[in-house]
Amino acid sequence: MAETIANILSIAGSDPSGGAGIQADLKAFAACGTYGMAALTALTAQNTQGVSAVHPVPPAFVTAQVADVFRDIRVDAVKIGMIASAEIAEAVADALAPHGAVPVVLDPVMIAKGGSPLLAAEAVSVLTRRLLPLASVLTPNLPEAASLLGEAEAADRAGMEDQARRLLALGPKAVLLKGGHLPGTESPDVLATAEGVRWLEGVRVPTRNTHGTGCSLSSALAAELGKGRPLAEAVAAAKRFVAGAVRGADALSVGSGHGPLHH
Ligand code: PLP
């Protein structure tokens, strides 16, 4: 357990509309009572209607940001979000390699809700080979899990359990496979670890304001792990945090597309 306020580092992309990316991460870190830091992997130009452009940061500059933070500051947990390219995935893996004791939450961001790619297609294999083994927890949604495994999306709970177990075999210490894309009113997630699988139930909240849900969940999870909470407790707390933020989303008036959550 950190003796002072936990320091949490996001390695992710920027969303100028404030709903996803490092902007969402920093809000979630603060709302969870931690100190937030952010190393940028890419700028995006986007609003609640979609992404219009992506400008990746040079990989050596990503390395420099992460290295400078670690050189000076105790980092209690890391969250990795959008990494944009294979070269940036390699740079992030190299930069984190000397810090294996720090919990890492890996959100394998691939495609924005509007359909824009946030990860180059050829980067998926690098992400799998270099970043999955560094992850304390991998947090894919159903399309991301399918893409990592190179197969169709799970359509039910049995399929989710099976995919979560096979993602675990690729190297992360735990997999939180999120069932928000399943048909129906339920939104169950499955947590797979070496001890087995357990289900976390959730109910779908009727709102179109879900921009940045995955960013917020992975950031809250990193914050809770950075505070020293055990994994199952941290996952439960992060899910409660995001459920509250989704329920609060309709109080915001931000854009005319998929609006952000209210942390
Ligand atoms: N933009 C950035 C920088 C992100 O990191 C993400 C998701 O992680 C998104 C956009 C997509 O957010 P959403 O699919 O929730 O709209």
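The values are calculated or read from the model by the stated rules, or taken from the named source; none is laboratory data. Remember, it's a predicted structure, so these values are computed and weren't measured experimentally. No Cβ is skipped: glycine too gets one built from the backbone with ideal geometry, and neighbour counts run over all protein chains shown.
Answer yes or no as to whether residue 6 is under 16 Å from the mean Cα position of the chain (by Cα) and closer than 21 Å to residue 220 by Cβ. Taking the combined requirement at face value, the residue does not satisfy it.
Please go through region 141-150 and give me each residue that is within 16 Å of the ligand (Cβ to nearest atom) and surrounded by 17 or more Cβ atoms within 10 Å (Cβ to Cβ), ordered by number. Steps first, please.
Just the residues of region 141-150 that are within 16 Å of the ligand (Cβ to nearest atom), to begin with: 141-148.
Correct list: 141, 142, 144, 145, 146, 147, 148.
A search for C-beta distances below 8 Å between a residue of region 45-64 that is at pLDDT below 95 and any residue that is of a type in the set (A, V, I, L, M) and in a helix (DSSP H, G or I), counting only pairs 6+ apart in sequence or on different chains, returns nothing. Scanning region 103-122 for residues that are more than 12 Å from the ligand (Cβ to nearest atom) and surrounded by fewer than 20 Cβ atoms within 10 Å (Cβ to Cβ), which turns out farthest from residue 181 (Cα to Cα)? Going through the qualifying residues, I end up with 122. When region 10-31 is filtered for residues that are closer than 18 Å to residue 240 by Cβ and surrounded by fewer than 23 Cβ atoms within 10 Å (Cβ to Cβ), the ones remaining, listed by number, are 27, 30, 31.
Considering only region 82-101, I want to know if a residue exists there that is touching a strand residue (DSSP E or B) at 6+ places or on another chain (Cβ under 6 Å), surrounded by fewer than 20 Cβ atoms within 10 Å (Cβ to Cβ) and either of a type in the set (Asp, Glu) or not in a strand (DSSP E or B) (or both). Don't jump to the end; show me each part of the working.
Taking region 82-101 first, the residues touching a strand residue (DSSP E or B) at 6+ places or on another chain (Cβ under 6 Å) are 82-85, 88, 92.
Next, from what is left, pick out any that are surrounded by fewer than 20 Cβ atoms within 10 Å (Cβ to Cβ): none.
No, that holds for no residue.
Of all residues in region 32-47, which are under 16 Å from residue 115 (Cβ atoms) and buried (at least 22 other Cβ atoms within 10 Å of the Cβ)?
44, 46, listed by residue number.
Screening region 165-224 for residues that are touching a strand residue (DSSP E or B) at 6+ places or on another chain (Cβ under 7 Å) and among the hydroxyl-bearing types (Ser, Thr, Tyr) and picking the one that is surrounded by the fewest Cβ atoms within 10 Å (Cβ to Cβ) gives 185.
Counting just the residues of region 77-99 that are among the small types (Gly, Ala, Ser) and within 13 Å of the ligand (Cβ to nearest atom), which one comes out modelled with the highest pLDDT? Result: 81. Within 16 Å of the ligand (Cβ to nearest atom), at pLDDT 95 or above and not aliphatic (A, V, I, L, M) - does that describe any residue in region 162-178? Yes, region 162-178 contains a residue that is within 16 Å of the ligand (Cβ to nearest atom), at pLDDT 95 or above and not aliphatic (A, V, I, L, M).
Given the condition among the polar types (S, T, N, Q), touching a residue at least 24 places away in the same chain (Cβ under 8 Å), part of a loop (DSSP other than H, G, I, E, B) and exposed (fewer than 15 other Cβ atoms within 10 Å of the Cβ), answer yes or no: does some residue in region 123-140 qualify? Within region 123-140, not a single residue is among the polar types (S, T, N, Q), touching a residue at least 24 places away in the same chain (Cβ under 8 Å), part of a loop (DSSP other than H, G, I, E, B) and exposed (fewer than 15 other Cβ atoms within 10 Å of the Cβ).
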